[in-house]
Amino acid sequence: MNKTISIVSETLCTHLWNHAVVDIAKKKIRACCKTPSIQLSSDDIYRYDTDVFLNLDSVKADRQLMLDGGKPERCKTCWDLEDTGAFSFRDGSQSWHKYFDKLKYNNYTESYHPDNLDIQLDNYCDLKCLYCNEEFSSQWQSEKQKFESLDYISIDKDYDKFKELFFDWFPTVKQNFKRIAFLGGEPLISPTFYEYLDRIIELYAGTYPEELEFNIITNLNTNKTYFDKFLKVVDKLKDKIKFNINVSMEAYGPQAEAIRHGVNYTRFKQNFETLAQVKGITLSTITTVNVLSLSTLHLYLEFLLELESKYDIDIIFYPNLVSFPSHLQVSLLPSDLGNQYIDYATLVLMDKNHDSYIDFLNTLRTKFNFEELKGSPQHLALITELEKLSVRRNINYKEIFTEYEYIWS
């Protein structure tokens with residue numbers, strides 16, 4: 001018999017229960033996108049079967065810790081953000097009760113009703129963003145193999161069995177999902193994106209949960225051939241499926257091209273404007289704010305607002321913040337400079353119905369701390385990394401980011 005219990009913990013977060021992140025190609029899972037990946041062994045898959053996606057013993061133990069008011073180590077990103085008074089991705093106990101009270105679980109350490117699914121396709125990508133690495137970018141993998149003798153295999157040789165296990169599990173939870181996201185690498189050029197999209201559509205057999213949205217997270221640097229292919233698929237399916245095209249970008253012009261090495265910013269803007277003209281989809285952007293992006297963030301936001309006005313659309317602004325590597329955190333900004341850039345961005349957004357994003361920006365004001373970090377390992381790591389990449393990629397970061405002269409001096 002189901003029973004309801006009183007949970008009073010203030011450290012709860014639904015993501016540890018209802019958010020499944022599955023990296024099929026590398027046989028990894030995560031409890032949410034801000035937690036470290038768990039590499040699965042063949043024994044794990046044999047032992048847990050379909051429970052491997054949400055109910056590993058280690059994950060269940062962390063849920064019990066949360067229920068008892070503790071703070072699981074895997075959730076360190078949010079605890080650290082909250083300790084500084086900054087924006088956190090944790091949704092809190094109120095959301096947890098809203099999610100669970102109606103389900104009346106017997107064992108609250110288990111989860112069988114996920115509503116948020118991230119499918120990590122592979123690491124096939126055309127960019128080498130400064131805050132990324134070889135796990136999520138084949139371009140990073142190639143560069144490190146060239147310069148660092150990196151021994152990294154992006155695709156597990158036995159992943160086909162894991163893929164089929166995923167598609168055995170999916171029908172048992174498919175009607176719970178409110179969001180299914182496709183991540184890379186870069187989905188629009190991934191060899192597996194359309195295969196997995198087709199299989200999921202087939203498993204739904206035309207009966208979708210009312211709130212379900214397919215979320216495609218893209219860098220939008222896609223060349224015409226791949227982009228046209230994607231547009232045709234969206235046009236074919238948009239009357240049956242809710243699409244949210246989530247564009248990943250946080251800076252503007254040459255600065256953006258230096259942060260996201262490989263992006264053609266002119267093509268990026270053209271692709272975004274093309275999407276803005278597609279009726280029947282949701283457009284959003286996720287800005288991965290870092291120490292080098294803040295100086296031109298306001299210019300990127302201006303571009304988005306121009307699209308909203310020109311095509312009479314609303315673009316959703318999702319906040320994101322670099323926490324790793326630490327040398328790209330916004331804490332390496334002096335307070336006066338950081339606040340100046342926040343002022344630029346908030347002024348652009350004033351009276352434009354993006355108050356929640358302004359709230360996020362204002363939480364960053366407490367994180368600018370270069371005065372204490374000058375000469376620290378974090379500061380020196382940033383200099384070392386940029387100087388190394390300047391040689392590898394033939395980019396003069398000092399000339400592109402003249403506004404950050406203080407970093408080198």
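Of everything in the range 195-224 that is hydroxyl-bearing (S, T, Y) and touching a helix residue (DSSP H, G or I) at 6+ places or on another chain (Cβ under 7 Å), the residue that is surrounded by the most Cβ atoms within 10 Å (Cβ to Cβ) is T218. Do we find that R90 is within 29 Å of N369 (Cα to Cα), among the basic types (K, R) and surrounded by 20 or more Cβ atoms within 10 Å (Cβ to Cβ) in this structure? Against the criterion (within 29 Å of N369 (Cα to Cα), among the basic types (K, R) and surrounded by 20 or more Cβ atoms within 10 Å (Cβ to Cβ)), R90 qualifies. Just checking, does the range 331-347 include any residue being under 23 Å from the mean Cα position of the chain (by Cα), in a helix (DSSP H, G or I) and surrounded by fewer than 16 Cβ atoms within 10 Å (Cβ to Cβ)? No, the range 331-347 contains no residue that is under 23 Å from the mean Cα position of the chain (by Cα), in a helix (DSSP H, G or I) and surrounded by fewer than 16 Cβ atoms within 10 Å (Cβ to Cβ).
Taking the criterion of being within 21 Å of I38 (Cα to Cα), surrounded by fewer than 14 Cβ atoms within 10 Å (Cβ to Cβ) and modelled with pLDDT under 90, the only residue of the range 59-85 that qualifies is D80. S111 fulfils the conditions (1) over 28 Å from E186 (Cα atoms); (2) at pLDDT 90 or above; (3) surrounded by fewer than 18 Cβ atoms within 10 Å (Cβ to Cβ) except for a single criterion, (3).
Does the range 348-360 hold any residues that are surrounded by 15 or more Cβ atoms within 10 Å (Cβ to Cβ) and either in contact (Cβ under 8 Å) with a residue 24 or more places away in the chain or not in a helix (DSSP H, G or I) (or both), and which are they?
V348, L349, K352, H354, Y357, F360, listed by residue number.
Being of a type in the set (D, E), closer than 19 Å to A345 by Cβ and either touching a Lys or Arg at 6+ places or on another chain (Cβ under 9 Å) or at pLDDT below 95 (or both) holds for only one residue in E250, E273, E211, and it is E250. Residues that are outside any helix (DSSP H, G or I), exposed (fewer than 13 other Cβ atoms within 10 Å of the Cβ) and touching a helix residue (DSSP H, G or I) at 6+ places or on another chain (Cβ under 9 Å) within the range 375-406 comprise just one, N396.
Counting only helices (runs of 4 or more DSSP H) that fall entirely inside the range 1-119 and contain at least 2 residues that are closer than 24 Å to S323 by Cα and free of Cβ contacts under 8 Å to residues at least 60 places away in the same chain, the qualifying elements are 57-67, 76-83. Determine if the range 279-291 includes at least one residue that is under 30 Å from K398 (Cβ atoms) and assigned to a loop (DSSP other than H, G, I, E, B). Among the residues of the range 279-291, at least one is under 30 Å from K398 (Cβ atoms) and assigned to a loop (DSSP other than H, G, I, E, B), which makes the answer yes. Taken together, the criteria place E302 among residues that are under 19 Å from E257 (Cα atoms), surrounded by fewer than 17 Cβ atoms within 10 Å (Cβ to Cβ) and of a type outside the set (S, T, N, Q).
Yes/no matrix, rows are residues, columns are (1) under 15 Å from N123 (Cα atoms); (2) touching a residue at least 24 places away in the same chain (Cβ under 8 Å); (3) of a type outside the set (V, I, T); (4) in contact with a strand residue (DSSP E or B) (Cβ under 9 Å, 6 or more places away or on another chain):
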{"residue": "W140", "(1), (2), (3), (4)": "yes, no, yes, yes"}
{"residue": "Q145", "(1), (2), (3), (4)": "yes, no, yes, no"}
{"residue": "S149", "(1), (2), (3), (4)": "no, no, yes, no"}
{"residue": "E164", "(1), (2), (3), (4)": "no, no, yes, no"}
{"residue": "I180", "(1), (2), (3), (4)": "no, yes, no, yes"}
{"residue": "L197", "(1), (2), (3), (4)": "no, yes, yes, yes"}
{"residue": "P209", "(1), (2), (3), (4)": "no, yes, yes, no"}
{"residue": "T218", "(1), (2), (3), (4)": "yes, yes, no, yes"}
{"residue": "V234", "(1), (2), (3), (4)": "no, yes, no, yes"}
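Taking each residue of the range 122-133 that is closer than 20 Å to Y159 by Cβ and looking for partners that are part of a strand (DSSP E or B) with beta-carbon atoms closer than 9 Å, six or more apart or interchain, yields D122/D23.
In the set L165, L188, L150, which member is farther than 28 Å from S323 by Cβ and not acidic (D, E)?
L165
Taken together, the criteria place E257 among residues that are touching a helix residue (DSSP H, G or I) at 6+ places or on another chain (Cβ under 9 Å), outside any strand (DSSP E or B) and under 20 Å from E399 (Cα atoms).
Among the residues of the range 263-279, those that are surrounded by 16 or more Cβ atoms within 10 Å (Cβ to Cβ) and more than 21 Å from D235 (Cα to Cα) comprise V263, Y265.
Kindly check whether there is at least one residue in the range 210-230 that is more than 22 Å from the chain's Cα centre (by Cα), in a loop (DSSP other than H, G, I, E, B) and β-branched (V, I, T). No, the range 210-230 has no match at all.
The values are calculated or read from the model by the stated rules, or taken from the named source; none is laboratory data. Bear in mind that the values here come from a model prediction, so they are computed numbers and not experimental data. Cβ atoms come from the backbone with ideal geometry, glycine included; neighbour counts cover every protein chain shown.
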